[in-house]
Every structure is written in C-alpha cells, then in structure tokens.
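Beneath this line is the structure, given in structure tokens, with notes to follow.
Computed from the coordinates by the stated procedures, all read-outs in this text should not be read as laboratory data. Here the structure is a predicted model, which is why all the values come from computation and not from measurement. Every residue, glycine among them, receives a Cβ derived from its backbone with ideal geometry; neighbour counts consider all protein chains shown.
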Amino acid sequence: MARHLIIGDGTVFGVTAGLVDDGAVSIQKMSANGPTELVLGDTIANAPQIRIVGGGSDGKDIATPWIYGRDVVNYSGKSYLAAAAHRSDGTLTTNTGVISVVTTKIYRTDISEFVFFSFDTGNIAAGQTPTQVQAAVVVAYNAISASDKPDWLSTAVATSAGAIVSVTASKRGDAVNSGGTWDEINPIIRMIQTHSVDTAQTFADSVGVPMTTGYGDGFLVKAFEESLMGTQYGYYNRIQQPNTPTSQAATGTTYDMYAIAATKDGSSSSQINGVDNLIEINLALVAGDADSLVVENKLNAYFASNFPNVIL
C-alpha cells in the first residue's frame with residue numbers, strides 16, 4: 001500500500017509564486033489546462049481526477065498521487081481523541097501473617113524484549129492488613145528518585161485504594177523521568193508482586209486503565225509523518241542524504257484525521273491479484289479550525305454520490 005500524509009496547520013488556502021501557501025491544504029482537480037483548485041460543489045462526475053497538496057516549508061509543495069474519484073473504495077474520518085496511558089493495578093487479596101518484604105516488578109508487554117523495573121518495600125510487620133501492605137508499597141515506589149526510574153513509567157506517583165496499588169505508564173507527549181519527552185509508542189505494563197515469607201499471600205494483577213493511542217494527537221501525527229519520510233520526501237536518513245525534510249506536524253496541535261483509499265489500476269475494485277494495489281491518502285487537519293472545515297466540505301461534496309458525509 002502506498003501511504004501518504006498531508007498535514008494542515010489551519011492556514012487559509014492560497015497560492016504564492018505557483019506554490020500552495022505554507023501550512024495550507026489544496027484539493028486539486030485535473031482540467032484541460034492542468035491542475036486547478038477543486039471548488040465546493042465539484043463532484044466525481046465533473047472532476048474525475050483529484051489529488052491533495054500541502055504547502056510545505058522547504059520551498060516546495062507536498063503532493064499525493066492523482067486518483068480517480070470513481071476508484072475510491074474508502075472515505076472516512078476520526079475526530080481528535082486524546083490518548084490514555086496504561087495503568088496496572090495490583091491487588092492483595094489475602095494476608096494471614098508476616099510478609100517481611102514485598103517485591104514489586106513492573107514490566108512491559110508491548111515490546112519483544114523483557115524490560116522491567118523492580119523495587120522492594122522495607123520490612124513489614126506481622127498482622128498488617130492488605131490495605132496497609134499496599135500503602136507501604138506505594139510509599140516505597142514514590143520514595144525512589146526519578147533518575148532511578150525508567151522513562152516508560154510515568155512521572156506520576158503510584159497510588160493505593162484499599163488493597164489495590166496503581167502504577168501508570170508514560171504516553172506520547174508526557175514529560176519523562178530523565179527530563180525529556182516520551183515520543184515512542186505508548187507502553188503497556190503489567191505488575192507482579194511477591195513476598196519473602198508468607199506463602200498465604202495472594203496478589204492479582206489487572207488493567208486499571210487500558211492504553212489507547214487516540215486519534216490526531218500531535219506526537220502521533222509526527223511519528224506517522226516520520227515513518228513516511230522515505231516514500232513521501234524521498235529521504236531515508238542515509239549518509240548520502242543527510243538533510244532531514246522539515247516536519248509539518250506540530251506536537252502541540254490536535255488534529256482531525258481523514259482517510260481516502262483508492263485502487264491504483266483505474267478500477268472500482270482491485271484487479272491486480274496478489275499485488276499491493278491501493279493508494280492511501282491521510283489528511284491531518286487542525287481540529288475545530290474554520291479552514292479545516294473548508295477542506296472537509298469540499299471532500300464531502302465531492303464524494304457525496306458514493307460515501308456518507310464525514311463531519312468532524
């Protein structure tokens with residue numbers, strides 16, 4: 001699948017010196033005189049071939065391939081939705097006597113390597129309730145300096161509610177323990193708790209808050225753009241090509257996301273069996289912006305005969 005991403009920053013559409021203004025988004029149709037701007041009310045019938053163009057900041061436009069409207073097999077969208085960090089909850093269900101020391105190991109399940117962080121409580125006296133034991137676990141965790149915790153664990157403190165202790169992972173855009181910003185995939189964590197003496201202790205691990213990547217987060221859009229640098233900008237981060245293209249994604253911006261998929265072979269369904277035959281065009285437009293609405297309205301009018309309106 002050929003994937004393309006056009007990012008707008010809310011700039012009003014305009015053309016300067018033959019180039020789309022930086023940050024603006026153009027929908028172009030092919031005419032007898034070459035590319036011209038799609039206008040509200042144009043449809044597949046009178047503008048059979050279109051492309052999406054973004055105004056870049058390197059003195060050139062960023063254009064998708066031309067596609068035929070009749071060959072589009074998907075037109076859809078998602079409104080911005082904030083991501084959620086994963087939270088692991090450890091529950092102490094039984095306590096009959098001396099525990100001595102509780103060891104808590106937190107580990108990641110979203111990557112192939114076994115990466116974990118482990119810490120111990122101090123000695124815990126006999127007869128402590130599950131609530132008291134988990135409170136001691138929280139005290140031990142929160143006493144560890146940030147520099148000694150991994151960046152994939154949130155800077156937020158651990159908490160306890162009754163016999164449950166909760167620890168949260170980082171998510172894209174969060175400040176991390178080393179002082180930077182987490183810009184990798186959102187980790188998924190689990191917890192194991194063991195003890196040194198009381199074999200009657202029973203711990204259980206559960207998901208307190210499931211990790212969700214969300215839609216249109218600026219850090220997520222930036223990561224998507226970086227993954228397409230090679231195909232979209234002809235850049236592969238090699239010694240022979242050391243100049244990284246300027247990123248169009250703004251990490252502090254929230255985007256609404258639109259997707260258009262069309263077949264490559266000029267048909268309404270794939271005719272090339274066993275071969276990647278799709279062009280996927282993604283649009284990231286500033287959520288709630290008036291100029292984003294202009295682009296949305298043009299696309300809705302254009303695809304009205306084939307797809308429901310996408311209203312974000």
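The table for this structure:
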{"item": "222 nm mean residue ellipticity, helices alone, for the chain (DSSP H n ≥ 4; -39,500 (n - 2.57); rounded to 500)", "result": "-4000 deg cm²/dmol"}
{"item": "Listed residues A143, A284, A135, most fluctuating in the chain (Gaussian network, C-alpha, under 10 Å)", "result": "A143"}
{"item": "Amide H contacts under 5 Å for V102, placed H, 5+ residues apart", "result": "T121"}
{"item": "Between helix 218-227 and the chain: long-axis angle, C-alpha atoms, 0 to 90°, nearest 10", "result": "70 degrees"}
{"item": "Residues whose placed amide H lies under 5 Å from that of R3, excluding near-sequence neighbours", "result": "E280"}
{"item": "For the chain, size of Cβ-based charge dipole, Lys and Arg +1, Asp and Glu -1, in debye", "result": "380 debye"}
{"item": "Extension gain, T155 back to F307 (0.36 nm per residue minus Cα-Cα distance, nm)", "result": "50.3 nm"}
{"item": "Helix axis angle, 130-142 relative to the chain longest principal axis, alpha carbon, degrees", "result": "60 degrees"}
{"item": "Per-residue HN-Hα couplings for the range 113-127 [Karplus 6.51, -1.76, 1.60; θ = phi - 60°; Hz; x = Gly/Pro]", "result": "6, 8, 10, 9, 10, 10, 8, 10, 7, x, 4, 10, 5, 5, x"}
{"item": "Packing-based exposure ordering (other Cβ within 10 Å, fewest first) of V15, V295, V176", "result": "V15, V176, V295"}
{"item": "Between helix 290-302 and the chain: long-axis angle, C-alpha atoms, 0 to 90°, nearest 10", "result": "60 degrees"}
{"item": "Long-range amide H partners of G10 with built H, under 5 Å", "result": "V286"}
{"item": "Contact order normalised by residue count of the range 87-209, Cα under 8 Å, 6+ apart, percent", "result": "40 percent"}
{"item": "Neighbour net charge for S292 - beta-carbon separation under 14 angstrom, K R +1, D E -1", "result": "-3"}
{"item": "Residues L312, L278, sorted so that the one with the fewest Cβ neighbours within 10 Å comes first", "result": "L278, L312"}
{"item": "Unsatisfied cross-links (Cα-Cα over 28 Å) in the set K105/K222; K78/K264; K78/K222; K60/K264; K60/K171", "result": "K105/K222; K60/K171"}
{"item": "Between the range 173-204 and the range 79-148, the alpha-carbon center distance in angstrom", "result": "7 Å"}
{"item": "Residues of type aspartates and glutamates that K29 reaches as a straight line, Cα spacing below 13 Å, ignoring anything fewer than 8 places off in the same chain", "result": "E37, D42"}
{"item": "Cα-based shape type of the chain, given that a ≥ b ≥ c are square roots of the gyration tensor eigenvalues and the cut on a/c is 1.5", "result": "prolate"}
{"item": "Calculated from backbone phi, Karplus (6.51, -1.76, 1.60) coupling profile of the range 74-91 in Hz, x at Gly/Pro", "result": "8, 9, 8, x, 9, 6, 3, 9, 5, 6, 10, 6, 6, 10, 9, 10, x, 10"}
